[in-house]
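Visitor: Next up is a structure, given as structure tokens.
The values are calculated or read from the model by the stated rules, or taken from the named source; none is laboratory data. Source: prediction; values computed, not measured. For neighbour counting, all protein chains shown are included, and Cβ atoms are generated from backbone atoms with ideal geometry for every residue, glycine included.
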There are 2 protein chains.
Amino acid sequence: MSRTIAVVGATGAVGRTMLDILEKRSFPADHLRLFASARSAGTTVDTAWGPVVVEDLAEADPAGIDIALFSAGGDRSRAHAGRFVDAGAVVIDNSSAFRSDPEVPLVVAGVNDDAVREHKGLIANPNCSTMTLMMAAGPLHRAAGLTSMVAVTYQSVSGSGHKGVDELIEQTDFLRPDIDGLMDGTAPEPQPKLYERPIGFNVLPYAGSASGEDGYTDEELKLVKETRKILGAPGIEVEPTCVRVPVIVGHGVAATMWFSRPVTVEEAESILSDAPGLELWTDEVPTPHDSAGRDEVLAGRIRPTLGREGGISLWVVGDNLRKGAALNAVQIAELV
Amino acid sequence: MSRTIAVVGATGAVGRTMLDILEKRSFPADHLRLFASARSAGTTVDTAWGPVVVEDLAEADPAGIDIALFSAGGDRSRAHAGRFVDAGAVVIDNSSAFRSDPEVPLVVAGVNDDAVREHKGLIANPNCSTMTLMMAAGPLHRAAGLTSMVAVTYQSVSGSGHKGVDELIEQTDFLRPDIDGLMDGTAPEPQPKLYERPIGFNVLPYAGSASGEDGYTDEELKLVKETRKILGAPGIEVEPTCVRVPVIVGHGVAATMWFSRPVTVEEAESILSDAPGLELWTDEVPTPHDSAGRDEVLAGRIRPTLGREGGISLWVVGDNLRKGAALNAVQIAELV
């Protein structure tokens, strides 16, 4: 029987990475179909499965697709994922549309693979910052029972897609000639398009959109809710702050965690050095640059808490387009 | 009686800002003296007190100086501050050389002004990230008794002086032509000079130097020790992570705090809206760009904790060259 895989949102930053990863991992499919909005439809993409013409998502017939990797935004997932499932496909969705649906497993490959079995046609791919953090928090939780965590992010602009990258580059070019003005606050501000405020040589301590809950962003609430769902532990306390930084690729998270019992640095390092898909750095500190283009999430700076004893502070960083999105979706497809 | 003020380290980033602030605030001194290393000595600087020839710190006679603002690094402070004190000057030192000395008051103007009275010739200016955070933490502590805090920083390169700014600009220019390479991790790495790893389009989750204690940096331990000393509360638990970000000016801190009793967002906002030297933003989110060139520390994103109830998460950002360093030193001089 021949197998068909589809990438929906094939021309976006994550979609392109999905295609790249499917090829590099020689994903066992006989046919590939690519979907995008009407604007990108009709173009031909050269792939390991031969040249593929991008189809218009709104018009296309999903019959015959076995697995569809969706990364076209929440609205398109809500509009079209059901159609693909009804036609027989398993949809692995990278948007936040179905993540909190109790009927839809939320899976970090390597952390809660078993959840895949419970799917009813739809499987959700977690938020990119949450996923990066879970690669370290998952194994630690399994060993010692995570009880509370303060998680603060350093999210790159590619988390917002190509538009995020373009905005950072444009603003960097705009601001670059007037460093003195940046020093004393007299530099003219670039006109933001995607983000509400400039990201060039700046940080935006408000990643995501207003959630309506207590001043938190949706991105911050994802860190709380998705952590609990992925780890299967609804009582974990999470204090999130999500911040956009002027970095192209690589989401970092600084987290302080406490467990149901004291955990030493030695134990945490021992657990993390065996964690699947994670690389523990003990001699150097991993940065977003180090994570770019890599499948592994990098962890480092494992330190004991200085106040309330027995906890751990650490740093994790991962390529938000790969493990943070496309790679995990492909890994879920492999599990399916 | 005529009064003389001196700036030591007058050609550095903080020293220049000190001079600018002394002029703008029409500091009540009759004479100004400027000191720097032999390399910069002999140059003439036009000031509000007329042209001043920069003196060689190592050779100069400090007699007649009433107040000396030191910002020339810890080694020079250790070597020369005593000489200035012996000659009759009150030294306000911006380095970390004397901050933990129990005989030396550590003062954030507007937070613990009374500590100035206990000086014996030396007064220390706190670390720039700590100072920014204390502008919010101080008033909250006074109202409700801060018990524990997780503090994570976003520190700009000017915190490392002109060299930090130069390194960010050089690396930005070096990396800018190969955005695709930054996306997939194939871009050539610029050769770092000041920092151990590239800061251009990157974050370095290791600001400061190795402290030798449990993998923490000296910068992180300052956040713990200086918080306790400034607030006069040695039992406060602090979990610090210090991260350098590719921003020119403005240190941000994301903090989650718990107190000896529950604090609501309304109470915290009410306290912070009256806090001296702090501007509370409730409609927009303050960024490093907003803080550059401003005397006030900006606070925003006051949120209730989501896990352990009764705490507050918030964001503060301040110009690290002004309130974070030069302004506070001048404010201490005014108190003296």
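Conditions (1) part of a loop (DSSP other than H, G, I, E, B); (2) among the polar types (S, T, N, Q), marked per residue:
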position	(1), (2)
A:E103	yes, no
A:V116	no, no
A:P126	yes, no
A:A137	no, no
A:S148	no, yes
A:G159	no, no
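Visitor: Name the residue that is farthest from the other protein chains (Cβ to nearest Cβ), counting only residues in the stretch A:280-305 that are out of contact with any helix residue (DSSP H, G or I) (no Cβ under 9 Å at 6 or more places or on another chain) and free of Cβ contacts under 8 Å to residues at least 24 places away in the same chain.
Guide: A:D283
Visitor: Somewhere in the stretch A:120-128, is a residue at pLDDT 95 or above and surrounded by fewer than 19 Cβ atoms within 10 Å (Cβ to Cβ)?
Guide: Yes - at least one qualifying residue is present in the stretch A:120-128.
Visitor: Further question on the same structure: How many residues, within the stretch B:1-20, are crowded, with 22+ Cβ neighbours inside 10 Å, modelled with pLDDT under 95 and more than 14 Å from B:V45 (Cα to Cα)?
Guide: The qualifying residues number 2.
Visitor: Still on this model: Can you find, within the stretch B:11-47, the residue that is farthest from B:V165 (Cα to Cα) among those that are out of contact with any strand residue (DSSP E or B) (no Cβ under 8 Å at 6 or more places or on another chain) and of a type in the set (A, V, I, L, M)?
Guide: Selected residue: B:I21.
Visitor: Do we find that B:A325 is modelled with pLDDT under 95, more than 9 Å from chain A (Cβ to nearest Cβ), crowded, with 23+ Cβ neighbours inside 10 Å and under 30 Å from A:V285 (Cα atoms) in this structure?
Guide: Spelling it out, B:A325 is indeed modelled with pLDDT under 95, more than 9 Å from chain A (Cβ to nearest Cβ), crowded, with 23+ Cβ neighbours inside 10 Å and under 30 Å from A:V285 (Cα atoms).
Visitor: Can I ask one more? Sort out which residues of the stretch A:140-167 are in contact with a Lys or Arg (Cβ under 9 Å, 6 or more places away or on another chain) and among the polar types (S, T, N, Q), and write them in order of number.
Guide: Listed by number, the residues that qualify are A:S148, A:T153, A:Q155, A:S156, A:S160.
Visitor: Give me a count of the residues in the stretch A:211-237 that are more than 10 Å from chain B (Cβ to nearest Cβ), assigned to a loop (DSSP other than H, G, I, E, B) and in contact with a Lys or Arg (Cβ under 7 Å, 6 or more places away or on another chain).
Guide: 1
Visitor: Taking the stretch B:147-162 as the search range and keeping residues that are surrounded by fewer than 24 Cβ atoms within 10 Å (Cβ to Cβ) and at pLDDT 95 or above, which one is nearest to the other protein chains (Cβ to nearest Cβ)?
Guide: Applying the filter and picking the extreme gives B:S148.
Visitor: Residues in the stretch B:238-268 that are in contact with a Ser or Thr (Cβ under 8 Å, 6 or more places away or on another chain), under 13 Å from B:G311 (Cα atoms) and outside any strand (DSSP E or B): how many?
Guide: Matching residues across the stretch B:238-268 total 1.
Visitor: Can you find, within the stretch A:238-276, the residue that is nearest to the other protein chains (Cβ to nearest Cβ) among those that are among the small types (G, A, S) and surrounded by 19 or more Cβ atoms within 10 Å (Cβ to Cβ)?
Guide: Ranking the candidates gives A:A254 first.
Visitor: Next question, about the same structure. Pull out all pairs, ordered by first then second residue, where Cβ-Cβ is under 6 Å, the residues are six or more apart or on different chains, the first lies in the stretch B:5-33 and is at positive phi, and the second is among the polar types (S, T, N, Q).
Guide: So the pair list comes out as B:G9/B:S71.
Visitor: Something else: With over 16 Å from B:N328 (Cα atoms), touching a residue at least 60 places away in the same chain (Cβ under 8 Å) and touching a strand residue (DSSP E or B) at 6+ places or on another chain (Cβ under 7 Å) as the only criterion, which of B:T153, B:T132 stands out?
Guide: One residue alone meets the criteria, B:T153.
Visitor: Just a yes or no: is a residue in the stretch B:198-210 of a type outside the set (A, V, I, L, M) and not in a loop (DSSP other than H, G, I, E, B)?
Guide: No; the residues of the stretch B:198-210 include none that is of a type outside the set (A, V, I, L, M) and not in a loop (DSSP other than H, G, I, E, B).
Visitor: Before we move on, is B:P286 under 12 Å from B:V317 (Cβ atoms) and either assigned to a loop (DSSP other than H, G, I, E, B) or in contact with an Asp or Glu (Cβ under 8 Å, 6 or more places away or on another chain) (or both)?
Guide: yes
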